[in-house]
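S.K.: One structure follows; several queries about it will come next.
The values are calculated or read from the model by the stated rules, or taken from the named source; none is laboratory data. Model, not experiment: these values are computed from the prediction. Neighbour counts run over all protein chains shown; Cβ positions are idealised from the backbone, glycine included.
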Amino acid sequence: MATASTAAPALARAQTSARIVVVGGGFAGTLCARTLKKLDPKLSVTLVEPEKTFTAYPFSNDVLGGFRDLGQQQFGYDAVAKDSVALAQTAATAVDPAAKTVTLGDGTKLSYDKLVLAPGVDLNWTALPGYTEAASEKMPHAWKGGAQIALLRRQLEAMDDGGVVGMAVSANPTRCPPGAYERACLIAHYLKTKKPKSKLLLLDAKDQFSMQRLFEQAWTKLYPGLVERVPLSQGGNVTSVDPSTMTLVTDFESYKVAVANVIPPQKAAAIAASAGVADRTGWCTVEPVAFESTLQKDIHVLGDATLISGVSKSAFVAAEEGKVCAAAIVAKLAGKMPEESQLTNTCYSFVAPGQVIRTTSVFRADKGQLLEIPGSTDTTALDAEPSVQAHEADEAGRWFGTLTKEVFG
């Protein structure tokens, strides 16, 4: 009797076309919205995304390396509409968890039975003195959006040979933890081939990072003398910036550079705080099966906005979460328990054109957490032959093509 009485309201909602609002049109949100409609065409699904074009972060560092066009990173939403997903191309400005409404930029209010937030990250503009949105037009972060990536590429192209490129890398948590070090490789590749008298200065707020030995080996073998990394313990933490003089300031020294790429601290996008799902860290904690917020019922949070112990913020993870969350929501609406799924994360990082290093791990739900399955981690071997890295590059290309077709095609 208890099971029947619990399931009845959920079944009733399913029969009257439950309303699902998904905020965020990246890998997690878009794939979640499309999967929901495929699993249950009766659902009323609305995807809220203000941008008409999505710029994918995976492979975007290749643009800075000078061997990929920005247009190859950009995707539209025509296929989403063909799946009968309603598309609201405006920003979500507020969430009322009690009333179960999402307010849009034009004043419209969308009611929901289940809300999925996949808003990505915001840059924390108050965390690094001197670094503001205005400053990012002189010292680009190139961490969000195509315009910033294009700006940094133009600055690299315009720099005189012999100039110093400074990178300021924030502490964790951050989206795509290996991304800054892949970027260092590919900027170094650009300098080696186009500006050989120049160098890259990497000022790092960390001592250790993902795939560190592999990246350091790549810098030594492929870019000798081009990359200088100053870790936290040696004074690498950037404490302020001065865009007017193109200066990066650390605890012990100031560095004037020709081009500055500043990757500041991050947090879950602002809508997460409005919805009451971001905690004091600025990130969102979720349970590991349906990715439902631990702070607000019927709100699920996906992708880079979440903070899940041991799991990187990556496109690979975001896409998997989108599909798993969609299946869990459909099960919940039908009065069923969602199935516990394994979650795989693979990070591909280019160290040069056609050369990729990779790490893969598998996670499963256990005692309210997603925990790495012992022995599941597999990483490109140190001193791997170029043919191995070329194979990894082919795998990365196939993965990106398959993923973007599944999400946007």
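S.K.: Restricting to the range 187-225, name every residue that is of a type in the set (A, V, I, L, M) and under 19 Å from Phe67 (Cα atoms).
M.R.: Answer for the range 187-225, where residues must be of a type in the set (A, V, I, L, M) and under 19 Å from Phe67 (Cα atoms): Ile187, Ala188, Leu191, Leu200, Ala218, Leu222.
This table checks each residue for (1) modelled with pLDDT under 95; (2) assigned by TED's automatic domain parsing to the domain that holds Tyr190; (3) of a type outside the set (A, V, I, L, M, F, W, C).
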| site | (1), (2), (3) |
| --- | --- |
| Ala10 | yes, no, no |
| Arg19 | no, no, yes |
| Lys38 | no, no, yes |
| Leu43 | no, no, no |
| Pro50 | no, no, yes |
| Asp62 | no, no, yes |
| Gln74 | no, no, yes |
| Ala86 | no, no, no |
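S.K.: For the structure I just gave you, tell me whether Thr108 is assigned by TED's automatic domain parsing to the domain that holds Cys284, in contact with a Ser or Thr (Cβ under 7 Å, 6 or more places away or on another chain), over 23 Å from Ala315 (Cα atoms) and of a type in the set (S, T, N, Q). Before you say what the answer is, go through the steps one by one.
M.R.: Values: assigned by TED's automatic domain parsing to the domain that holds Cys284: yes; in contact with a Ser or Thr (Cβ under 7 Å, 6 or more places away or on another chain): no; over 23 Å from Ala315 (Cα atoms): yes; of a type in the set (S, T, N, Q): yes.
So Thr108 fails the test.
S.K.: Identify, please: which residue in the range 129-173 is buried (at least 16 other Cβ atoms within 10 Å of the Cβ) and under 14 Å from Ser198 (Cβ atoms) and is, among those, nearest to the chain's Cα centre (by Cα)?
M.R.: Checked the range 129-173; the qualifying residue nearest to the chain's Cα centre (by Cα) is Met167.
S.K.: So Tyr190 clears everything in (1) under 19 Å from Ser60 (Cα atoms); (2) modelled with pLDDT under 95; (3) not β-branched (Val, Ile, Thr) except one condition, right? Which one?
M.R.: The failed condition is (2).
S.K.: With the condition kept exactly as written, say whether any residue in the range 267-274 is in a strand (DSSP E or B) and touching a Phe, Trp or Tyr at 6+ places or on another chain (Cβ under 9 Å).
M.R.: Pass one, the range 267-274, residues in a strand (DSSP E or B): 267-268.
Remaining after also requiring touching a Phe, Trp or Tyr at 6+ places or on another chain (Cβ under 9 Å): 267-268.
Yes, because at least one residue in the range 267-274 is in a strand (DSSP E or B) and touching a Phe, Trp or Tyr at 6+ places or on another chain (Cβ under 9 Å).
S.K.: Output the number of the condition that Val95 fails; it satisfies all remaining conditions of (1) on the phi < 0 side of the Ramachandran plot; (2) part of a loop (DSSP other than H, G, I, E, B).
M.R.: (2)
S.K.: Identify the residue in the range 367-409 that is touching a residue at least 60 places away in the same chain (Cβ under 8 Å) and assigned to a strand (DSSP E or B) and, among all such residues, is surrounded by the most Cβ atoms within 10 Å (Cβ to Cβ).
M.R.: Only one residue tops the list, namely Leu370.
S.K.: Looking at Val311 and the list (1) part of a loop (DSSP other than H, G, I, E, B); (2) within 15 Å of Pro97 (Cβ to Cβ), which single condition is not satisfied?
M.R.: (2)
S.K.: Could you check how many residues of the range 40-50 are assigned to a loop (DSSP other than H, G, I, E, B) and in contact (Cβ under 8 Å) with a residue 60 or more places away in the chain?
M.R.: 2
S.K.: Could you grab me the full set of residues in the range 213-223 that are among the polar types (S, T, N, Q) and touching a residue at least 24 places away in the same chain (Cβ under 8 Å)?
M.R.: Gln217 - this is the single residue of the range 213-223 that is among the polar types (S, T, N, Q) and touching a residue at least 24 places away in the same chain (Cβ under 8 Å).
S.K.: Let me ask another. For residues in the range 276-308 being among the small types (Gly, Ala, Ser) and in a loop (DSSP other than H, G, I, E, B), which is nearest to the chain's Cα centre (by Cα)?
M.R.: Result: Gly282.
Residues checked against (1) in contact with a helix residue (DSSP H, G or I) (Cβ under 9 Å, 6 or more places away or on another chain); (2) among the polar types (S, T, N, Q):
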{"position": "Gln74", "(1), (2)": "yes, yes"}
{"position": "Tyr77", "(1), (2)": "yes, no"}
{"position": "Thr93", "(1), (2)": "yes, yes"}
{"position": "Gly105", "(1), (2)": "no, no"}
{"position": "Asp113", "(1), (2)": "yes, no"}
{"position": "Pro119", "(1), (2)": "yes, no"}
{"position": "Thr126", "(1), (2)": "no, yes"}
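S.K.: Which condition breaks for Asn61 when tested against (1) in contact (Cβ under 8 Å) with a residue 40 or more places away in the chain; (2) out of contact with any Asp or Glu (no Cβ under 6 Å at 6 or more places or on another chain); (3) outside any loop (DSSP other than H, G, I, E, B)?
M.R.: Single failed check for Asn61: (2).
S.K.: Further, regarding this structure: For the range 328-354, what are the residues that are in contact (Cβ under 8 Å) with a residue 60 or more places away in the chain and in a strand (DSSP E or B)?
M.R.: Cys347, Tyr348, Ser349, Phe350, Val351, Ala352
S.K.: Here is a further query. Among the residues of the range 259-268, is there at least one that is outside the structural domain of Lys332 (by TED's automatic domain parsing), surrounded by fewer than 18 Cβ atoms within 10 Å (Cβ to Cβ) and closer than 26 Å to Leu152 by Cα?
M.R.: No; the residues of the range 259-268 include none that is outside the structural domain of Lys332 (by TED's automatic domain parsing), surrounded by fewer than 18 Cβ atoms within 10 Å (Cβ to Cβ) and closer than 26 Å to Leu152 by Cα.
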